[in-house]
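What follows is calculated from the coordinates using simple rules that are stated; it is not laboratory data. Predicted, not measured: the structure shown is a model, and the values here were computed from it. Cβ coordinates were reconstructed from backbone atoms using ideal geometry, including for glycine residues, and neighbour counts include every protein chain displayed.
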Amino acid sequence: MSHVDVDFSRELAGKRVLVTGGAGFIGSNVVETLCRAGAHVIVLDNLVTGSLSNIDPSIEYEFVDGSVAERDLVAQLVIESDYVLHLAALNIIASTKNPRDDYETNIGGTLNVLTAARKSRAKRIVYSSSASVYGNSKHLPISEDEATRTFSPYAVSKLAGENYCHAFYETYGVPVASLRYSNVYGEKQQESNPYCGVVAKFVGAIDRGEEVPIHGDGQQTRDFTYVGDVVEATLMTLLSPKSEGLVMNVGSGIESSVLKLAEEIGAAMGRPIAFRHVNRRDIDNIRRRVMNIELIRTRVRWQPRTSLREGIRRTVSWYRAAGVASEHAVPARR
Ligand SMILES: NC(=O)c1ccc[n+]([C@@H]2O[C@H](COP(=O)([O-])OP(=O)(O)OC[C@H]3O[C@@H](n4cnc5c(N)ncnc54)[C@H](O)[C@@H]3O)[C@@H](O)[C@H]2O)c1
C-alpha cells in the first residue's frame, strides 16, 4: 500500500463510496486507503487493465464486474453512494489504438456517472482527468488557466469528461470536481499494463540487467507524482466543499528529465544503468511538463509531501516485496 499520512476516518467511516476503476493502479491505492478509514467501498471495474490482485486480500469491499458504459448499472450504483470517485478510463495506448472505445468509456462512462449523480444523494464526486489536456504548454509551470491543446484522442476524451463535469455543476448543481493528474508512479503500477508509466518500465529493465529504453534524447521533462500524494489529493478534494465546480492540477510542482528519473531509479536499486535510445513513439509528443499546484494548495490545503527520491525508494521497495524486482548485490555504476 502507498504511504498516506492523513486519517480520513472521521469523515468517511461508514460512508458508501463508489470507486470506478478501483482495481487499477491509482484506484486500488485509493480503495485501500478508503477501507482503512472504515468506508464501505464499492469497486466498479471491468478489469480491462486493472486486477483484483492489486487490492490487499485482507480488505473487505464490494466488487461489481461491469463497465461504466452500462448506463443502468452505473445509475444504480451512483444513486446509492455517499461519495463517488470516477477513475475508470481507457489509457492513452488503448485510446490511440481504438478512439471509439475510448469515446464510449471515457466520455460515455463519465456522462453516465454525472447523469446518475443528478438523482443521487452523493455529497461529492471527483473525476480524474489528466495533464495531457495541456499538450505542449507555452508557459511553465502550467496553471489551470493555460490553454488546452489536445494532441491525442485520449486528451480529447479526458477534457470532454471535465467539460461535462463543469457543465453538470453549472447546469444542475452536481457537486463535482476534476483533478488533472500528472505522471503518477508508485506502488501497484504494473509493468504488464502497456501504459504502466515509465517508472515501472525502468525498474523492470534495470532489474533484468537490460538497457533502459529512452524515447528520443531523454531530456524531455515531466512532473512525476507519487501515488500516495495523489491518493491524499483525491480524498481531500472529495471531502472539501471548496473543490466543487473546479478543475485543479495535481503534481509535485517539480520538473525532472526522464534521464534524471532513470538515474534516481538506478541509484535506489543499487544497480548500474545503461541506456538504449529508441525512436519517439506517436504518444511522446510533449517536450516539457511541470505543474503549478497553487490552486489545490489554497482551495483544498493539499500539498505533495514526497520527494522524487523518497517516492522512488518506496516504489522500489514495493517492487522488491512484491517479487517484481530482485535485490542482488550488483554494484552501482555511479
Ligand atoms: N497513471 C497516471 O499517470 C495518470 C495520469 C493522469 C490521469 N490518470 C487518470 O487516472 C485514472 C486511473 O488511471 P490508472 O493509472 O490507475 O490506470 P489503470 O489502467 O491502472 O486504471 C484504470 C482502471 O479502469 C478500469 N476500466 C477501464 N475501462 C473501464 C470500463 N469501461 N468500466 C469499468 N472499469 C474500466 C480498468 O480495468 C482499470 O482498473 C484514469 O482516469 C486516468 O485517465 C492517470
For this session: Could you work out how far helix 308-321 tilts from the main Cα principal axis of the chain, as a 0 to 90 degree angle to the nearest 10?
Result: 90
Seminar exercise, completed: Longest principal axis of the chain (C-alpha) makes with the long axis of helix 153-172 (C-alpha) an angle, in degrees to the nearest 10, of 30
Problem set entry | Separation of the Arg121 and Ser192 label points, Cα + 7 Å toward Cβ, nm | 3.9
Problem set entry | Percent breakdown of C-alpha pair distances by 10 Å bin, ordered from the shortest bin, for region 1-138 | 12, 43, 33, 11, 1
Seminar exercise, completed: Given all pairs of distinct Cα atoms, region 142-259 yields a Kirkwood Rh in Å of 16.3
For this session: Amide H neighbours of Glu146 under 5 Å, at least 5 residues apart or on other chains, H built in the peptide plane: list them.
Result: none
Seminar exercise, completed: the chain: antiparallel bridges as % of DSSP beta bridges, rounded to 5, reads 5
Exercise. When ranked by the protection proxy of mean other Cβ atoms within 10 Å per residue, highest first, what sequence do the peptides 85-93, 112-120, 99-107 form?
Worked result: 85-93, 112-120, 99-107
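If the viscosity is 1.567 mPa s and the temperature 4 °C, what Stokes-Einstein diffusion coefficient in µm²/s follows for the chain when Rh is the Kirkwood radius over Cα pairs?
After rounding, the answer is 65 µm²/s.
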Exercise. Could the peptides 18-27, 253-262 be put in order, highest first, of the mean number of other beta-carbon atoms found within 10 Å of their residues?
Worked result: 18-27, 253-262
Seminar exercise, completed: Residue-normalised 222 nm signal for the chain, counting each DSSP H run of n ≥ 4 as -39,500 (n - 2.57), nearest 500 deg cm²/dmol, is -10500 deg cm²/dmol
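Measure up Lys138/Lys260; Lys158/Lys242; Lys123/Lys260; Lys97/Lys188 against 30 Å on the Cα-Cα distance and list the ones that go over.
In this structure, Lys123/Lys260 exceed 30 Å between Cα atoms.
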Exercise. Taking a label point 7 Å from the Cα of Ile79 along the Cα→Cβ vector, which residues of region 109-149 have an amide N closer than 20 Å to it?
Worked result: 109-125
For this session: For region 227-289, just say rounded, prolate or oblate: build the C-alpha gyration tensor, square-root its eigenvalues into a ≥ b ≥ c, call rounded for a/c under 1.5, and beyond that prolate if a/b exceeds b/c, oblate if not.
Result: oblate
Exercise. Normalised by the number of residues in the chain, what is the relative contact order in percent for Cα pairs under 8 Å and 6+ residues apart?
Worked result: 17
For this session: For Asn292, list long-range residues whose amide hydrogen, built 1.01 Å from N in the peptide plane, is under 5 Å from its own amide hydrogen.
Result: Ile142, Ser143
For this session: State, to one decimal in nm², a quarter of the convex hull surface area for the C-alpha atoms of region 192-307, i.e. the direction-averaged projected area.
Result: 8.2
For this session: Round to the nearest 10 and give me the degree value, 0 to 90, for the angle of helix 198-207's Cα axis relative to the longest principal axis of the chain.
Result: 40
For this session: Any chance you could tell me what percent of the C-alpha pair distances in region 76-217 go past 19 Å?
Result: 59
Seminar exercise, completed: Surrounding charge for Ser129, neighbours by C-beta under 11 angstrom, Lys/Arg +1, Asp/Glu -1, total 0
Exercise. Based on the Cα gyration tensor of region 1-62, what are the three equivalent ellipsoid semi-axes, each the root of five times an eigenvalue, rounded to whole Å and given largest first?
Worked result: 19, 12, 9
Problem set entry | Taking region 70-166 and dividing mean pair separation by its residue count, relative contact order in percent (alpha carbons under 8 Å, at least six apart) | 36
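Give a quick list of trypsin sites (Lys or Arg not before Pro) in region 165-251 that DSSP marks as loop, anything other than H, G, I, E or B, with at most 11 other Cβ atoms within 10 Å.
Sparse-neighbourhood loop trypsin sites (Lys or Arg not before Pro): Arg208.
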Seminar exercise, completed: The ³J(HN,Hα) series, computed from each phi in region 289-306 with the Karplus coefficients 6.51, -1.76 and 1.60 at θ = phi - 60°, rounded to the nearest Hz and given as x for glycine or proline, is 8, 8, 9, 8, 10, 5, 5, 5, 4, 7, 6, 9, 6, 8, 8, x, 10, 10
Seminar exercise, completed: Quick shape check on region 91-168: root eigenvalues a ≥ b ≥ c of the Cα gyration tensor, a/c under 1.5 is rounded, otherwise prolate if a/b tops b/c, else oblate, and it reads oblate
For this session: Assuming a ≥ b ≥ c are the square roots of the Cα gyration tensor eigenvalues, decide whether region 48-127 counts as rounded (a/c under 1.5), prolate (otherwise, with a/b larger than b/c) or oblate.
Result: oblate
